[in-house]
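The values are calculated or read from the model by the stated rules, or taken from the named source; none is laboratory data. This is a predicted model, so every value here is computed, not measured. All Cβ positions, glycine included, derive from the backbone under ideal geometry; neighbour counts span all protein chains shown. Only protein heavy atoms, including side chains, enter the accessible area calculation; ligands, DNA and RNA are left aside. Shrake-Rupley method; radii C 1.70, N 1.55, O 1.52, S 1.80 Å.
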Amino acid sequence: MKRDKTQWIQEVVARYERPLCQYACRLTGNFESARDAVQDTFLKLWREDILDDERTAPWLFRVCRNRCIDMLRKDKPMQPLTDTHAAILPAPDKSPAEEAGLRESASLLLQQLARLPARQAEVIRLKFQHQMSYREIAVVTALSESNVGYLIHTGIQTLRQQVARI
Amino acid sequence: MKPIDEVQLTAYALGELSTAERAEIEARLQAHPEQQAAVDEIRALAARLEAELKNEPDVALTDEQRQNILKAPSGRLAHFPWRALSGFAAVAAVLAIAFVGSFRGASRSLDPQRAGATAVSRIEVAMADSPADRSKDHLQAVVELAAATPEEKTGRLVPLGNESLHDLAEPVAMPVAVAPVKELESAPRPPPLAKPMPIMAADASAEAPAFVNGFHDRSRSESDFSGALDKKVACRISDGRPASVRSFGGAWAPCPPAPDAPFVQPGNTESYAPIQGNAFKRIADEPLSTFSIDVDTASYANIRRFLRAGQMPPPDAVRIEEMINYFSYDYSQPKEDVPFAVHVESAACPWNKAHQLVKIGLKGRELAAESRPACNLVFLLDVSGSMSSENKLPLVKKAIQLLARQLTANDRVSIVVYAGAAGLVLPSTPGSDLATIDAALERLQAGGSTAGGDGIRLAYEEALKNLLPDGNNRVVLCTDGDFNVGITDSEELASFIAGRARQGIFLTVLGFGMGNYKDDRLETLADKGNGNYAYIDSFSEARKNLAEQAAGTLFAIAKDVKLQIEFNPARFDSYRLVGYENRVLAKEDFNNDKKDAGELGAGHAVTAFYELVPAGVESSPGVDPLKYQAAEEKPAVQEGKSAAASPEWLTVKLRYKLPREDKSTKIEVPYTGSFSDFENASGDFRFAAGVAAAGFLMRGDSAIPPLSFREVVAWASSAIGDDPNGYRREFLDLLKNAAVLAP
């Protein structure tokens, strides 16, 4: 049994480490914290029974997201946390140099994506970068499925308008 | 037919609908071709998003993190500082390989694939003074090797909480590690700290890309490879500091440049509590000024870091009292059997000649080495990922080694680490057993997230377990202040620490690093723990705090030291305390023994300035004369006439408790000054006044008249005196930077 689990975790790590790190980086704005969060997430797998494949991704992203929020919350204890999602997940502040770097490397579309409200950008990434369904995104973000649909729609609308303008 | 709801339409375009819903939408789309166009557009956009997001740079875990994950025992969450473990094995393995033969041959023989669940650790050792020198003692190698199998365990780590210790009972299987450690111990050890310490890439993740390429590309010649290494080492020591850093925007980037640069750079998340400068107070309204002493110096070291990088420090990072107290002044020791001597001096205020500046200095008694109490020190080290840069954990290790060399067989040292979990890596060990202490330090590596609270509990438990009833019991917290898990409620943490201080265990906080340095939190912790707080940004700063002034850092000669100054309203109209903004107490607190205040270490000195407005010069600067109260006030001043006959300017009242007592003792020292020119004041006075003025300028305090850094340099440069350690000269250099940077 131990053997199986180790093997399973190994496979899960191999498959999800990069997507999770990518996701966590967006949330924490800091790749060290992101890695820490992802490590903690995978460590929690030891407590779980082996999950079905389709449940694994939402589980990982949800645990990872909560871990990132914990880390951010504990970093900034003075911030009001009335609306967890809105208060915690604004895009991390970027210095002008970082902005410049991003501008050079990211495509116009991704730049527009970065300007969307944090929640919209997050669900759009979960949808198009991590290929999750609305339902899975709802599990990850603790939003309702219709809320997810609305956020994605609104984000897509904005992007469509901006892409049309370019 | 009504147009389709847009949210529904998007869901349809993205394939989120059930078969039935889909059919319905498709039917309706026939009637709305413009909506069909929208669907096509959404799908095109979705495809673009997918394609572009796929190409976004990504980040992976470090090999070490991956290894940690797989090492967790089945069914239990890891509660061990895994990184410390694997670091130990990795260091040992590197040494083994290095001693056995050339690293190229050795590393080639290792096949990471073969190792299966065994993960790959990367570690760097570079001890050479020069690239040409490649003797056994001067080892230069970057070795990538397989080490630390999942079965490895060590008996030195104690998990927190109630979990069983069954892991510890398992046999210690560390074949790679054991032999080389013996070899290390029997080999003649280089005199500690005389040579550059091994520069370890404690951050296994921070492999410079050029490095990785150089290593993996086996076709590259050795000289290419060591060239890259030499450059890296040279870069680290280029400006004479062991932890060389380069500034990057508002934040600091480690040198060499950060690894596989993520798409988001770590932001600057330093935090400082806001400081509101003390205002002038009218003596008629408030004849008493009360504050707690503060011997901390962290703010100065932090300011220095900014100025060296060519940046003005944020105003809230500037605590003038800590700047003044960074420097030592020539105060004579107490003559009688009291812990302090009080020294008062005054002269015209250099930034406002009409005012007087009064300097109050407290000097703590020095402790002779043989008469100092035994120490029970528990080092509580943050080994989280954020501590991995050169100027953090590697510097912490050096700092502890320095301090350990001040200890004797009567002293005890323990080391507790915390990251994702907390562990005891060095159970209480005699201070004379340097080999054991150094070996424990060498095993440390950074990684994991920070659980400040759990670590703190474990450290205090360890301190309590080894409590020396007549000794100096102290937890020394070394961190960048980035506590992520554990007791994160600041109040709870503070009250925990304050409670332990009452049991006789004090807290010293050594702040390290930059970028996400939590100055405000660290200072609060040290205050609650009856402790002191220093910021260590370089080896020389470690030396100052832990070798030259070790006694002051470690031995309290008095606690809850409060000062209350009573001013004579007949001589002066108003006063202003320079600095100590967050140490100001209510006048009632002075006689309240329950009210906590600062601690004074052996040989420590504390200096405070008051700026006084002599009676009749002007009314309180910045405050209009009161229109309605003027008449009522007259009698009060009249009444003071009898006392006013006294030529005294002020009385310094001092309250303190001996470290083990609960009742305070009071000392009163009256002072009568004479109006003298600033130029005639002592060198210490002029220098310290210069430091205060510089602090006001950095604070952007409009409460002092216009003044330039150049003027301050002019006053202070005539007051350098002996300056045996060069600290005052360094300050003048910083001010010259500030003069250029000032708006």
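Treat each spin label as a single point 7 Å out from the Cα along the C-beta direction, and report the residue B:710 to residue B:50 distance in nm.
Modelled inter-label distance: 6.6 nm.
Say each of residue B:588 and residue B:309 gets a label point 7 Å from the Cα, pointing the same way as Cα to Cβ; how far apart are those two points in nm?
Simple spin-label model gives 4.4 nm for this pair.
Please report how far the C-alpha centroid of region B:397-427 lies from that of region B:528-566, rounded to the nearest whole angstrom.
18 Å
Which whole-Hz couplings ³J(HN,Hα) result when phi for each residue of region B:351-366 is put into the Karplus expression 6.51 cos²θ - 1.76 cosθ + 1.60, θ = phi - 60°, listed in order with x for Gly and Pro?
8, 7, 4, 6, 9, 10, 10, 10, 10, 10, x, 10, 10, x, 5, 6
If we count every other residue with Cβ under 12 angstrom of residue B:47's Cβ, Lys/Arg +1 and Asp/Glu -1, where does the sum land? Before the final figure, lay out the partial values.
Numbers: positive: B:43, B:48, B:54; negative: B:40, B:41, B:50, B:52.
Spelling it out: positives minus negatives among the neighbours equals -1.
Counting other Cβ atoms within 10 Å, which trypsin sites (Lys or Arg not before Pro) in region B:652-685 have at most 15 and lie in a DSSP loop?
Passing sites in region B:652-685 are B:660, B:663.
Please identify every one of the trypsin sites (Lys or Arg not before Pro) in region B:342-414 that sits in a loop by DSSP and has no more than 10 other beta carbons within 10 Å of its own beta carbon.
When the trypsin sites (Lys or Arg not before Pro) of region B:342-414 are filtered for loop state and at most 10 Cβ neighbours within 10 Å, nothing remains.
Just to be sure I understand: if you take the accessible area of chain A alone plus chain B alone and subtract the pair, with a 1.4 Å probe, what total do you get in Å², rounded to 100?
Counting both chains, the buried surface is close to 5500 Å².
Once R0 is set to 30 Å, what does the formula 1/(1 + (r/R0)^6) return for the Cβ-Cβ distance between residue B:658 and residue B:433, expressed as a FRET efficiency to the nearest 0.05? Provide the component values of the computation, followed by the final result.
Details: r = 31 Å, r/R0 = 1.04.
Efficiency, rounded to the nearest 0.05: 0.45.
What whole number of Å gives the distance from the Cα centroid of region B:302-378 to the Cα centroid of region A:127-161?
58 Å
For region B:646-673 and region B:590-614, what is the separation of their Cα centres, given in Å?
10 Å
Average the reciprocal distances over every distinct pair of alpha-carbons in region B:6-54, invert the result, and give the Kirkwood radius in Å.
Values: mean 1/r = 0.0892 Å⁻¹.
When all Cα pairs of region B:6-54 are included, the Kirkwood radius is 11.2 Å.
Could you sort B:491, B:730 by their accessible area in this structure, using a 1.4 Å probe and putting the largest first?
Result, largest first: B:491, B:730.
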